[in-house]
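J.: Dropping a structure here in structure tokens format, bear with me for questions.
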Amino acid sequence: MESVVPSDFTGNNLGKSGDWVVCFGAEWCGFCRAFRPKFEKLEGQVKGTLAWADVSDSENPLWESFHLEVIPTVVVFRGGAVHWRRDGKSMRGLSDGDITDIKAATL
């Protein structure tokens, strides 16, 4: 799985070509830690490159650029632009049903 950092983005566009499935998460977030292995298993099951955007630092500009309120949050980019987004739910994160929806969003 790839990593993306703030310098890979311009506003809410990803400066990489092709399709990318990016999960915004943090080390301190228990829901993110539980979701990451499920997200990593999507490798080869989705169209595009899987990437993790570590927003562990509350000063990370991606919080503001993407108006992140709950993590993990998954964004599918096509040609650098946001194609689809799923925000985690407060006190729940993302579920197995969200994994199914992520797969469908990449087709």
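J.: Would you say Ser65 is touching a strand residue (DSSP E or B) at 6+ places or on another chain (Cβ under 9 Å), exposed (fewer than 13 other Cβ atoms within 10 Å of the Cβ) and modelled with pLDDT of 95 or more?
T.: no
J.: Any chance you could count how many residues in region 96-107 are surrounded by 12 or more Cβ atoms within 10 Å (Cβ to Cβ) and either in contact (Cβ under 8 Å) with a residue 60 or more places away in the chain or hydrophobic (A, V, I, L, M, F, W, C) (or both)?
T.: Number of matching residues: 5.
J.: So, in region 54-107, exactly how many residues are outside any loop (DSSP other than H, G, I, E, B) and at negative phi?
T.: Start the filter on region 54-107 by keeping residues that are outside any loop (DSSP other than H, G, I, E, B), which leaves 54, 62-65, 73-78, 81-87, 89, 93, 96-105.
From what's left, at negative phi: 54, 62-65, 73-78, 81-87, 89, 96-105.
Of the residues in that region, 29 qualify.
J.: Being in a strand (DSSP E or B) and under 17 Å from Ile71 (Cβ atoms) is the filter here, so list the residues in region 1-24 that pass it.
T.: Within region 1-24, Ser3, Val4, Phe9, Val21, Val22, Cys23, Phe24 meet the criteria.
J.: I would also like to ask the following. Counting only residues that are within 17 Å of Thr106 (Cα to Cα) and not in a loop (DSSP other than H, G, I, E, B), how many does region 25-48 have?
T.: 3
J.: Go through (1) exposed (fewer than 13 other Cβ atoms within 10 Å of the Cβ); (2) touching a residue at least 60 places away in the same chain (Cβ under 8 Å); (3) among the acidic types (Asp, Glu) for Asp19 and report which single condition fails.
T.: Of (1) exposed (fewer than 13 other Cβ atoms within 10 Å of the Cβ); (2) touching a residue at least 60 places away in the same chain (Cβ under 8 Å); (3) among the acidic types (Asp, Glu), only one is false for Asp19: (1).
J.: Determine whether region 39-53 contains at least one residue that is surrounded by fewer than 16 Cβ atoms within 10 Å (Cβ to Cβ), among the hydroxyl-bearing types (Ser, Thr, Tyr) and over 10 Å from the mean Cα position of the chain (by Cα).
T.: no
J.: If the requirement is being among the acidic types (Asp, Glu) and either at pLDDT below 95 or under 13 Å from the mean Cα position of the chain (by Cα) (or both), which of these qualifies: Asp87, Asp57?
T.: Asp87
J.: While we're on this one: Which condition number does Gly93 fail, the rest of (1) loosely packed, with under 14 Cβ neighbours inside 10 Å; (2) more than 22 Å from Leu107 (Cβ to Cβ) being met?
T.: Condition (1) is where Gly93 drops out.
The values are calculated or read from the model by the stated rules, or taken from the named source; none is laboratory data. Being a predicted model, the structure only gives us computed values, none of them experimental. Cβ: placed from backbone, ideal geometry, glycine included. Neighbour counts: every protein chain shown.
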